[in-house]
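Engineer: Take this structure first; my questions come after.
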Amino acid sequence: MRAPLSWIREYVDLPAELTTEELTDRLTALGLKLEGLHRAADAITGPLVIGKVLTKEPEPQKNGKTINWCTVDVGEANGTGEPQGIVCGAHNFGPGDLVVVILPGGVLPGNFEIAARKTYGHVSAGMICSARELGIGEDHDGIIVLPPGAGSPGEPAFAALGLDDEVIEFEINPDRAYALSLRGVAREAALGFDCVFRDPAERAVPAPNDSGYPVDSRDREGNPVFAARIVSGFDPLAESPEWLRRRVTQAGMRPISLVVDVSNYVMLELGQPNHTYDADKVRGPLVVRRAEPGEKLVTLDEVERTLDPADLVIVDDSGVIGLAGVMGGASTEISESTTRVLIEAAHWNAVEMFRTGRRHKLTSEAGKRNERGVDPTLPLVAVERVAELLVELGGGTIEPGVTLVGTAPAQPTISMAVDLPARVTGMEISAETTVANLRAIGCQVDLAADGAQLSAVVPPWRPDLSDPFDLVEEVAR
């Protein structure tokens, strides 16, 4: 799990003077082991600055390609204050735009040295950069256009691009699925430094109603909860803003499109996988059931899979359209013409998800989380969050229908002798400390009248807690 430090700080008030090393040391002690630290700026040397495009002159070439001869204001960064002449092959920008320029003498990731050189009949003194050239994304078709007010010409571009942001990579044990999210990592950081935690899942959600998209879940053991919402009037040409592409990339995923990026962003934020369909490609109600013998599905990775009768699948009137909790089907995939988006998030039985993934030798970020156990109270929160971001960034409206099928399973209550942590660990642990530590991790704790026993209702994001000795471990850590 990769977690940008700036993203963690959005949810927890860590001390301003706290170093990344101090944070990772504490989180490692709490069980989130440091795997590595990453900073995109470390792979770039030399003058990387903000530039303002002054002119852009298209010049068709004999090979059929059109290049742009540009003059760019880079302030005093070039030592003269004069506009910089640069050849650029991208076309997604114009005069007045703020761009990212690396000047001669700079070095980009991959040890790509920049120098003034003659090309297409001009001396190009530098490069206007794309995300791929900076090592912060896969987009190479267009260059990065910064938002107005991102900075002044000649200023270093590192801060505007988040290149200085440190990204912490954690090794997450299988029983700590909650930490495969910024919500989980931030909660642990707040616990480690006794700071205020702002839970991104604590948000208002509308009540379910009878006008939501029809869903029939026929296997409540495998699928206790299913939520859905629809966004209509979505602009299929809307692109992911730079901050969204950067966040997704920092977390180790590839930006693809606005709908997919928002879906992944919410999964990374909350830990709840979700899926988006082109609503106009879905035929009739969504049905959750077991696969029938001989059924096949072409998944989003373009592989045709023969389904097993033990597989949980999502079907519509056309047949199977998704391998539940693992990967969606190609027939209802979001495309460049999608204007109506059906969003679903569901809680799946973790053991079922594990077996399905192994049967099909199929791994995905969604499957990785679902097979470890996800907070069952999150599906409606996740679909609402996705819907809100899609409307904010891509226009349209959220349709009034709210689908919520099923209810989250009741959380287990564990009884424990109050002095058990002290007896097991050999440490001096008071009853007050035991109760306080269990409440700190989210348990609802009640003490018996004699004060010798307690009962703890496990928080929904901790399916790994099942017996008194699990509670002992939590008190001790």
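The values are calculated or read from the model by the stated rules, or taken from the named source; none is laboratory data. This is a predicted model, so every value here is computed, not measured. Here Cβ is always computed from backbone atoms with ideal geometry, including for glycine, and neighbour counts include all displayed protein chains. Side chains are part of the model used for accessible areas, which takes the heavy atoms of the whole protein and leaves out ligands, DNA and RNA. Shrake-Rupley method; radii C 1.70, N 1.55, O 1.52, S 1.80 Å.
Engineer: Being more than 18 Å from residue 117 (Cα to Cα) and touching a His at 6+ places or on another chain (Cβ under 8 Å) is the filter here; which residues of the range 63-88 pass it?
Structural biologist: Scanning the range 63-88 gives a single hit, 66.
Engineer: Which one of 216, 199, 235 is closer than 20 Å to residue 181 by Cβ and of a type outside the set (A, V, I, L, M)?
Structural biologist: Only one candidate passes the filter, namely 199.
Engineer: Please give the number of the condition residue 434 fails out of (1) over 16 Å from residue 176 (Cα atoms); (2) among the hydroxyl-bearing types (Ser, Thr, Tyr); (3) open to solvent by 10 Å² or more (accessible area, probe 1.4 Å).
Structural biologist: (3)
Engineer: Only residues that are small (Gly, Ala, Ser), modelled with pLDDT of 95 or more and more than 15 Å from residue 155 (Cβ to Cβ): list them for the range 73-93, please.
Structural biologist: 85
Engineer: Would you please name the residue that is farthest from residue 407 (Cα to Cα), looking only at residues in the range 200-226 that are surrounded by 14 or more Cβ atoms within 10 Å (Cβ to Cβ) and under 22 Å from the mean Cα position of the chain (by Cα)?
Structural biologist: Here the answer is 200.
Engineer: Looking only at strands (runs of 3 or more DSSP E) that lie completely in the range 50-125, which have at least 2 residues being open to solvent by 30 Å² or more (accessible area, probe 1.4 Å), free of Cβ contacts under 8 Å to residues at least 60 places away in the same chain and more than 24 Å from residue 163 (Cα to Cα)?
Structural biologist: 66-73, 117-119, 122-124
Engineer: Next question, about the same structure. If you go through the range 135-152 one residue at a time, do you hit one that is surrounded by fewer than 15 Cβ atoms within 10 Å (Cβ to Cβ), among the acidic types (Asp, Glu) and not in a strand (DSSP E or B)?
Structural biologist: Yes, the range 135-152 has at least one match.
Engineer: Moving to a separate point now. Please verify whether the range 304-325 includes one or more residues that are aliphatic (A, V, I, L, M), over 28 Å from residue 212 (Cα atoms) and without any contact (Cβ under 8 Å) to a residue 24 or more places away in the chain.
Structural biologist: yes
Engineer: Same structure again: For residues in the range 327-344 being open to solvent by 10 Å² or more (accessible area, probe 1.4 Å) and β-branched (Val, Ile, Thr), which is nearest to residue 361 (Cα to Cα)?
Structural biologist: 334
Engineer: Return the residues of the range 413-431 that are open to solvent by less than 40 Å² (accessible area, probe 1.4 Å) and closer than 30 Å to residue 272 by Cβ; say none if nothing qualifies.
Structural biologist: Once the filter is applied, which keeps residues that are open to solvent by less than 40 Å² (accessible area, probe 1.4 Å) and closer than 30 Å to residue 272 by Cβ, the range 413-431 yields 414, 416.
Engineer: Tell me, which strands (runs of 3 or more DSSP E) wholly within the range 307-364 include 2 or more residues that are within 23 Å of the chain's Cα centre (by Cα) and under 30 Å from residue 235 (Cα atoms)?
Structural biologist: Values: elements: 312-316, 319-323, 340-347.
Answer list for the range 307-364: 319-323, 340-347.
Engineer: Restricted to the range 264-281, and to residues that are open to solvent by less than 10 Å² (accessible area, probe 1.4 Å) and touching a strand residue (DSSP E or B) at 6+ places or on another chain (Cβ under 6 Å), which residue is nearest to residue 349 (Cα to Cα)?
Structural biologist: Result: 272.
Engineer: Which condition number in (1) modelled with pLDDT of 95 or more; (2) within 22 Å of residue 255 (Cα to Cα); (3) open to solvent by 20 Å² or more (accessible area, probe 1.4 Å) is the one that residue 128 fails?
Structural biologist: The one condition residue 128 does not meet is (3).
Engineer: While we're looking at this one, here's another question. Out of all the residues in the range 153-172, which are small (Gly, Ala, Ser) and either open to solvent by 50 Å² or more (accessible area, probe 1.4 Å) or closer than 22 Å to residue 251 by Cβ (or both)?
Structural biologist: Correct list: 157, 159, 160, 162.
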